[in-house]
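Reading through the structure tokens given below for one structure.
The values are calculated or read from the model by the stated rules, or taken from the named source; none is laboratory data. If you're wondering where the values come from, they're calculated on a predicted model, not measured in any experiment. Every residue, glycine as well, gets a Cβ built from its backbone with ideal geometry; the counts of neighbours run over all protein chains shown.
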Amino acid sequence: MARKFKDRQWGEELSGLPVFADCSARTMRRLSNLGTRVQVRAGKRLTTAGNRGAEVLIVLSGTATCLVGGVEEARFGPGDFFGEVATLDGGPRTATVVASTDMDVLVLNRFEFETLVKSSPEVAHRMLEAMAHRLRQANGKAVA
């Protein structure tokens, strides 16, 4: 079930996630107009490696497993996000992500993701930090 949320409670819920921490109330009001909240059942494939994708998913509740070549590389929980690489460069998905539990996710299409990044340097910086951390982890596994 997909629903748009454009109310104060939604902004307050988002501000509780690490990626949106310390954003001003004004920024949160702007951001609360972005994205669609989607409820997902455990076992549902959210992304498939090699497929095209143009959405970023932010986990609101529940957990998901990230698989690369069939091997678990990461787990995503509340506040984590994925799908940004394919959304940024228009290329194929780099991993398959499957819901481990029932989940609520915020889905941002390419335009909404660009709006988010351009309108909130704080959020963009947190996302870049998370992406850098993931890259270092992946490189560490490749070197080891």
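Give all pairs with beta carbons closer than 8 Å in which a residue from region 127-144 that is under 13 Å from residue 68 (Cα atoms) and of a type in the set (A, V, I, L, M, F, W, C) meets a residue that is surrounded by 12 or more Cβ atoms within 10 Å (Cβ to Cβ) and modelled with pLDDT of 85 or more; count only pairs at least 6 apart in sequence or on separate chains.
Partner pairs satisfying both residue conditions: 138/73.
Which residue pairs have Cβ atoms closer than 9 Å, lie 6 or more positions apart in sequence or on different chains, and pair a first residue in region 28-48 that is at positive phi with a second residue that is of a type in the set (Gly, Ala, Ser) and at pLDDT 95 or above?
43/99; 43/100
Among the numbered criteria (1) outside any loop (DSSP other than H, G, I, E, B); (2) surrounded by 14 or more Cβ atoms within 10 Å (Cβ to Cβ); (3) modelled with pLDDT under 90, which single criterion is violated by residue 23?
(1)
Quick one: is residue 131 of a type outside the set (D, E, K, R) and crowded, with 19+ Cβ neighbours inside 10 Å?
no
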